[in-house]
Amino acid sequence: MSTPDFDLAFDPAYGRAVQAAPGIERMTVNNPSAFTFHGTNSYIVGGSSVAVIDPGPENEAHFAALMAALKGREVTHIFVSHTHRDHSPLARRLKEATGALMVGEGPHRPARPLYRGEVNPFAESSDMEFQPDIVLGDGESVSGDGWQMTALLTPGHTANHACFALDGTGIVFSADHVMAWATSIVAPPDGSMADYMASLERLLVREDRLFLPGHGGPVKEPASFMRGLRTHRRMRERAVLERIKAGDRLIPDMVKAIYRDTDPRLHGAAALSVLAHLEDLVEKGQVETDGPPALSGAYRPA
């Protein structure tokens, strides 16, 4: 299956602030995993008065390094792209230490209600305590000393996912929506494949020159990379349809065939991605199942 041209070259430089672009520093949390790559990226934007984007998880070493990098500078705003625990919890501690205002799309919520008997597999990964001081709608902005940040609402990975455009620079902080190292996880009920694809289109109409993501290195040619992501997702959708037409009825069987070259540690996430595609295909009338789409459901061609 064709994939975008992923870039795995990345030096996390744990504990140090490194320049990601003029006026922007990146600090990476030492929380590597199959889902976070080398760790979560926090960004510092500005000069003597700054904003921090995605402070990260509750991590003592990262908090100390972040506070050291911020020493002598006023922190006015803390932007949170979404409420997974590798991105948002440290925002509260940073607010207490600096007096900055927390900014985001809103508190955590699923993309759809849970069905009867359904369990949210990412419930423990969700930060249910996050409450922004400033709620940004799509296209709304917050300004600081020499910078202005505009929210680009991009649901899909989570319902409250937002990217932030640094106005006048062509730079977007793309968080987990678009990353150079891998595709974003879209896992119902937290995520929605239909929303994710619409959010890709929402960014494709822009003319940004650089994406700084939540994990890994920069996306240097955003438009062509996102077109690759879109093609990849459409091919996954076709692969799911082909497996159903070939006689597969259960998601585990589809995962074994479609993700046979994928790290087995990610097969659970892959099953959720297949479910996300199936939810979309059922909604579009191309696939049928008894009752609402579920991980344990049986699927057949419409």
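Of all the criteria given as (1) in contact (Cβ under 8 Å) with a residue 60 or more places away in the chain; (2) within 23 Å of the chain's Cα centre (by Cα); (3) part of a helix (DSSP H, G or I); (4) within 27 Å of Leu114 (Cα to Cα), the one not satisfied by Ala239 is (2). Is at least one residue of segment 103-126 in a helix (DSSP H, G or I), in contact with a Leu (Cβ under 9 Å, 6 or more places away or on another chain) and open to solvent by less than 30 Å² (accessible area, probe 1.4 Å)? No, segment 103-126 contains no residue that is in a helix (DSSP H, G or I), in contact with a Leu (Cβ under 9 Å, 6 or more places away or on another chain) and open to solvent by less than 30 Å² (accessible area, probe 1.4 Å). In this structure, Val142 does not qualify as in contact (Cβ under 8 Å) with a residue 12 or more places away in the chain and buried (at least 21 other Cβ atoms within 10 Å of the Cβ).
What about Phe130, is it among the aromatic types (Phe, Trp, Tyr), modelled with pLDDT under 95 and crowded, with 18+ Cβ neighbours inside 10 Å? Judged against the criteria, Phe130 is not a match.
Select from segment 261-291 the residues that are part of a loop (DSSP other than H, G, I, E, B) and either surrounded by fewer than 15 Cβ atoms within 10 Å (Cβ to Cβ) or modelled with pLDDT under 95 (or both) and list them in ascending order. Residues satisfying the conditions are Asp261, Thr262, Asp263, Lys284, Gly285, Asp290, Gly291. Any chance segment 243-260 includes a residue that's assigned to a helix (DSSP H, G or I), surrounded by fewer than 20 Cβ atoms within 10 Å (Cβ to Cβ), among the basic types (Lys, Arg) and modelled with pLDDT of 95 or more? Taking every residue of segment 243-260 in turn, at least one turns out to be assigned to a helix (DSSP H, G or I), surrounded by fewer than 20 Cβ atoms within 10 Å (Cβ to Cβ), among the basic types (Lys, Arg) and modelled with pLDDT of 95 or more.
Scanning segment 229-240 for residues that are over 16 Å from Thr183 (Cα atoms) and surrounded by 19 or more Cβ atoms within 10 Å (Cβ to Cβ) returns a single hit, Val240.
Output the residues belonging to segment 28-57 that are under 13 Å from His84 (Cβ atoms) and surrounded by fewer than 24 Cβ atoms within 10 Å (Cβ to Cβ). Residues satisfying the conditions are Asn31, Ser33, Phe35, Thr36, Pro57. Scanning segment 95-129 for residues that are under 25 Å from Gly268 (Cβ atoms) and in contact with a Pro (Cβ under 8 Å, 6 or more places away or on another chain) gives Pro110, Ala111, Arg112, Pro113, Leu114, Tyr115, Glu118, Asn120, Asp127, Met128. State whether the residues of segment 8-28 include one that is touching a residue at least 60 places away in the same chain (Cβ under 8 Å) and in contact with a Ser or Thr (Cβ under 6 Å, 6 or more places away or on another chain). No: zero hits. Within segment 91-117, residues that are more than 24 Å from Asp145 (Cα to Cα) sit with their Cβ atoms under 7 Å from residues that are open to solvent by 60 Å² or more (accessible area, probe 1.4 Å) and assigned to a loop (DSSP other than H, G, I, E, B), at 6+ positions apart or across chains, in these pairs: Pro107/Gln131; His108/Met128; Tyr115/Pro292.
The values are calculated or read from the model by the stated rules, or taken from the named source; none is laboratory data. This structure is a prediction, so every number in the text was calculated from the model and none was measured. Counting neighbours? That spans all protein chains shown, and the Cβs are built from the backbone with ideal geometry, glycine included. Surface accessibility is based on the protein's heavy atoms, side chains included, excluding ligands, DNA and RNA. Shrake-Rupley method; radii C 1.70, N 1.55, O 1.52, S 1.80 Å.
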